[in-house]
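Nothing in this text is a laboratory measurement; each read-out follows from the coordinates by a stated rule. As the structure is a computational prediction, the values presented were derived from the model and not from experiment. Here Cβ is always computed from backbone atoms with ideal geometry, including for glycine, and neighbour counts include all displayed protein chains.
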Amino acid sequence: MQKSVQKLVNDGKMLPLMEEFYTIQGEGYYKGTAAYFIRIGGCDVGCHWCDVKESWNADLHPPTDTDVIIENALKHSNVIVVTGGEPLTWNMIPLTDGLKEKGAKTHIETSGAYPLTGDWDWICLSPKKRMLPKEEVSKKANELKCIIYNKSDFEFAEKQAAKVSGECVLYLQPEWSVRDKVVPMIVDYVMKNPKWKVSLQTHKYLNIP
């Protein structure tokens, strides 16, 4: 990558864009809401069950002018969800500043493994065991979404819930490939621990992106 382009990427004025699409938010607090998704490439958190592993290598995704990303997004919606990969790998300030100048609502889906940049209306924190979230992200999270793959994940979820604010909405979400096994476990757990809610990947049931 040219040094001039690398500097723009480092400054957040260009971002490794994997894909962008207008769809329905399928998970968590805003499920059912029409939103424009911006998927940023680059992630070293390395979840073995990740369903977008093609996002991990940022070099595979072309650096794209942040102003162009903003322009494309606002053609479709004023609810913008930035996801990845791990978007906080990059400086999110230019992206969120540009979106909010145009009156958009900025949402991020993050593992919290990197320092928080950008001005966000909604932070969905989905922590991972391999790289734990930064304290600042946990404290500012509006939504905690813990993925349940096996029984030990409930203990991990409780440890993460202890780090977020009292206003943060708590979700347990089955990992898709083992959903038939873990859904009954999640239902039972939420009924015994009603501070939690169940989140499902409804977009997969609807067969949409």
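Tally Lys/Arg at +1 and Asp/Glu at -1 over every other residue whose Cβ is under 10 Å from the Cβ of LEU200; what's the total? That sum, taken over residues with Cβ under 10 Å, equals +2.
A cut-off under 12 angstrom between Cβ atoms defines the neighbours of MET131, and their net charge, with Lys, Arg +1 and Asp, Glu -1, is +2. Qualifying trypsin sites (Lys or Arg not before Pro) in region 38-95, where qualification requires a DSSP coil assignment and no more than 15 other C-beta atoms within 10 Å, comprise LYS75. Within region 121-178, the trypsin sites (Lys or Arg not before Pro) that combine a DSSP coil assignment with at most 16 other C-beta atoms in a 10 angstrom radius are LYS129, ARG130, LYS151. Once backbone amide H atoms are built at 1.01 Å from N, GLU143 has ILE123, LEU125, VAL169 as its partners under 5 Å, excluding neighbours fewer than 5 places away on the same chain. Two numbers describe the Cα atoms of region 132-177: Rg and Dmax, which are 10.6, 31 Å. When the helices of the chain are scored as -39500 (n - 2.57) per DSSP H run of n ≥ 4 and the total is divided over every residue, the value at 222 nm lands at -8000 deg cm²/dmol.
Of all DSSP-defined beta bridges confined to region 3-206, some 30% are antiparallel rather than parallel. For ILE40, the residues whose amide H sits under 5 Å from its own are MET18, THR83, GLY84, ignoring neighbours fewer than 5 places away on the same chain, with H placed 1.01 Å from N.
The amide H of LYS105, built 1.01 Å from its N in the peptide plane, has VAL79, ILE80 as neighbours under 5 Å, considering only residues 5 or more places off or on other chains.
Coupling constants for region 119-132 follow from the phi torsions by the Karplus curve (6.51 cos²θ - 1.76 cosθ + 1.60, θ = phi - 60°), and in residue order they are 10, 10, 7, 8, 10, 9, 9, 10, x, 10, 5, 5, 9, 5 Hz; glycine and proline get x. Fewest-first ordering of SER138, SER199 by other beta carbons within 10 Å of each residue's beta carbon gives SER138, SER199. Applying 0.36 nm per residue to the separation of ASP11 and GLU101 and subtracting their alpha-carbon distance, the gain on full extension is 30.5 nm. Counted by neighbouring Cβ atoms within 10 Å, the residues TYR171, TYR36, TYR22 run from fewest to most as TYR22, TYR36, TYR171. In a fully extended conformation the segment linking GLU167 and THR23 would gain 49.1 nm over its present Cα-Cα distance, using 0.36 nm per residue. Candidate values [x] 16.8, 55; [y] 16.9, 52; [z] 17.7, 66 were compared with Rg and Dmax of the Cα atoms in Å computed on the shown model; the agreeing label is [x]. Its Cα gyration tensor gives region 21-72 an equivalent ellipsoid. The semi-axes, each the square root of 5 times an eigenvalue, are 21, 19, 7 Å from largest down. When the chain is treated as a Gaussian network with alpha carbon springs shorter than 10 Å, the biggest mean-square fluctuation among LEU60, LEU99, LEU17 belongs to LEU60.
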